[in-house]
1. Quick one: Karplus J couplings for region 268-277, per residue in order, coefficients 6.51, -1.76, 1.60, θ = phi - 60°, nearest Hz, x for Gly and Pro?
2. Let me spell out the model: positive unit charges on the Cβ of Lys and Arg, negative unit charges on the Cβ of Asp and Glu, origin at the Cα centre of region 29-108. What dipole size does that give, in debye rounded to 20?
3. Holding the Cα-Cα limit at 19 Å, pick out from K22/K206; K22/K353; K22/K97 the pairs that are longer than that.
4. Starting from 0.36 nm per residue, how many nanometres of slack lie between A213 and A194 once their C-alpha separation is accounted for?
5. Taking the Cβ-Cβ separation of I230 and Q169 as r and a Förster radius of 30 Å, what is the calculated FRET efficiency to the nearest 0.05?
6. Tell me, in nm to one decimal, what length is gained between D281 and K206 on full extension, where the rule is 0.36 nm per residue of separation less the Cα-Cα distance?
7. How would you order 267-273, 179-185, 316-322, 48-54 from highest to lowest mean count of nearby Cβ atoms within 10 Å?
8. Once both labels are modelled 7 Å past Cα along the beta-carbon direction, what's the E272-T329 spacing in nm?
Amino acid sequence: MARSAHAFVRGSTGSFYDWLQKPPVEKMPAGPSIWICGDCHVGNLGPIAHPSGRVDIQIRDLDQTVIGNPAHDLIRLGLSLASAARGSDLPGVITAKMMEQLIEGYEFAFTDKEETGTEASDRPLSVHLVMKEAASRSWRKLAKERLENTKPTIPLGKRFWPLRDEEMQALRELFGIGHIRRLATMLRSRDDDAPIELLDAAYWMKGCSSLGALRYATLLQVGKGKDRQICLMDLKEAVPPAAPHDPNALMPDDNADRVVEGARHLSPNVGERMRSARLLDRSVFVRELLPQDLKLEIAQLSQDEAIKAARFLANVVGAAHARQMDRSTQKIWLNELQRDRAQNIDAPSWLWKNIVELMASHEGAYLEHCRQYALDDAVRA
């Protein structure tokens, strides 16, 4: 999180919602209660493979998903894009134009037109490049990237830690359960009755959020002989969300069930490939990692690229929201979005003012975080 202000924004979800509730941030509209991402920053969107082999840009991380206000996803995405623009040293006027394109791209997803703006011709360069990479990726490349080798073992070290015997046994038992076993055989080229064997497993250290929670990388062998395939499964403990939810909404009490249900509504590609379970008396969700699943990384943005990215990514989020609403609900929500347009910027004043206030809050918090990191580093030295 100390690497950059943009990394800090991505890693401070809980603080984001704390800051969002404080005055003088302008009150946002009360949107329809639907499944939202809850942590809708740029890094949580990217190429996701469907079990059939199709690859689409969708929301890829649903840990924070809840039934709540879709305005939260818009503000979170806008803040992330504004932070990326600042990191690229773009002028403030470009950020203003990005917010205009963000709301236009989002609203365009609610139109009756078949083309929603997510076609190849509308992709910004950063998205085009990651889609091109996703299309050419193989299991060997995935294994080398995630595991640092292509052998059917998980190399222990900084990222992967050894497991206790009871953890290995619990994982073996888990992959014997019908609906979890089915995850390993559901791809088109695999036999539903193929034997499954747990080859290796390790605790997966993926940032500070991993500490204190279960997170495992597991290698499975599906089938035997010439039909044998290796798959990499990601198991993650589902924790309570920081994102606020509608208290009147019917939402699963179990956190893993919540994540899977939200994924099915927001990102069908990944939702079809996820299952919830209990492991060591904790709630976990499981999915196979495919070579085509990539995080969208936005480093340096040109002015044109920044504006195009804002429209494209907002359209992806808009499509995820729109598919959950009937036409009458969509029209009501669009009317809410279109009110209170500022005279000097074609974006709702609540969106613009919230992002401006949050940018200022995050900048101060980021500098304090870096100061504390430097002090802690000096103590460790």
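Bear in mind that the values in this text are calculations on the coordinates, not laboratory data. All figures in this text were calculated on a predicted structure; none of them were measured in a lab. Neighbour counts are summed over all protein chains in view; Cβ atoms, including those assigned to glycine, are modelled from backbone coordinates with ideal geometry.
1. x, 4, 7, x, 5, 9, 10, 9, 9, 7
2. Numbers: 5 positive and 9 negative charges, 17 e Å.
Dipole size: approximately 80 debye.
3. Values: K22/K206 31 Å; K22/K353 13 Å; K22/K97 26 Å.
Those over the limit are K22/K206; K22/K97.
4. Computed gain between A213 and A194 is 3.7 nm.
5. On the way: r = 21 Å, r/R0 = 0.71.
Using R0 = 30 Å, I get an efficiency of 0.90.
6. Numbers: separation 75, 0.36 × 75 = 27.00 nm, distance 2.16 nm.
Length gained between D281 and K206: 24.8 nm.
7. Working: 267-273: 21.1, 179-185: 17.4, 316-322: 24.3, 48-54: 15.4.
Order by mean packing, descending: 316-322, 267-273, 179-185, 48-54.
8. 2.3 nm
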